[in-house]
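Trainee: Here it is, the structure in full.
What follows draws every value from the coordinates through simple rules; no lab data is involved. Since this is a predicted model, take the numbers as computed values, not measurements.
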């Protein structure tokens, strides 16, 4: 037997869960195991899942509690795309961006910075 449910979370978002079991009771038991694991970082999502579980399966989920998310380790700071360099200017050895390199290669057939390209 296969049971599939879709829980509407509002804002055009849904959670779809599919379980397999030999009997209807096995499928319901799987849902009972899955439901408390979903939405533990969002009270809104958890309330939607809890409401669905109560209404459809008569399952009372535990009260919502925020489960801490472990902090991310060693994530480098984001660098704006305009600051990423792809080489150096052939005239003055200044670091240049991909846009500068592409433009200078198109017009001068060399990798030049914005200042050298203007002159």
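Trainee: Mind pulling the per residue volume of the convex hull built on the Cα atoms of region 2-57? Å³ is fine.
Mentor: 68 Å³
Trainee: If the chain between residue 13 and residue 88 were fully stretched, how many nm would it gain, using 0.36 nm times the residue separation less the Cα-Cα distance? Don't skip to the end; give the middle numbers.
Mentor: Values: separation 75, 0.36 × 75 = 27.00 nm, distance 4.66 nm.
Contour length minus Cα-Cα distance gives 22.3 nm.
Trainee: Taking 0.36 nm per residue of sequence separation and subtracting the Cα-Cα distance, how much length would be gained by fully extending the chain between residue 65 and residue 30, in nm to one decimal?
Mentor: On the way: separation 35, 0.36 × 35 = 12.60 nm, distance 2.16 nm.
So the extension gain works out to 10.4 nm.
Trainee: Something else: Between residue 4 and residue 105, what length in nm is gained on full extension when 0.36 nm per residue of separation is reduced by their alpha carbon distance? Don't skip to the answer; put the middle values down first.
Mentor: On the way: separation 101, 0.36 × 101 = 36.36 nm, distance 5.64 nm.
Length gained between residue 4 and residue 105: 30.7 nm.
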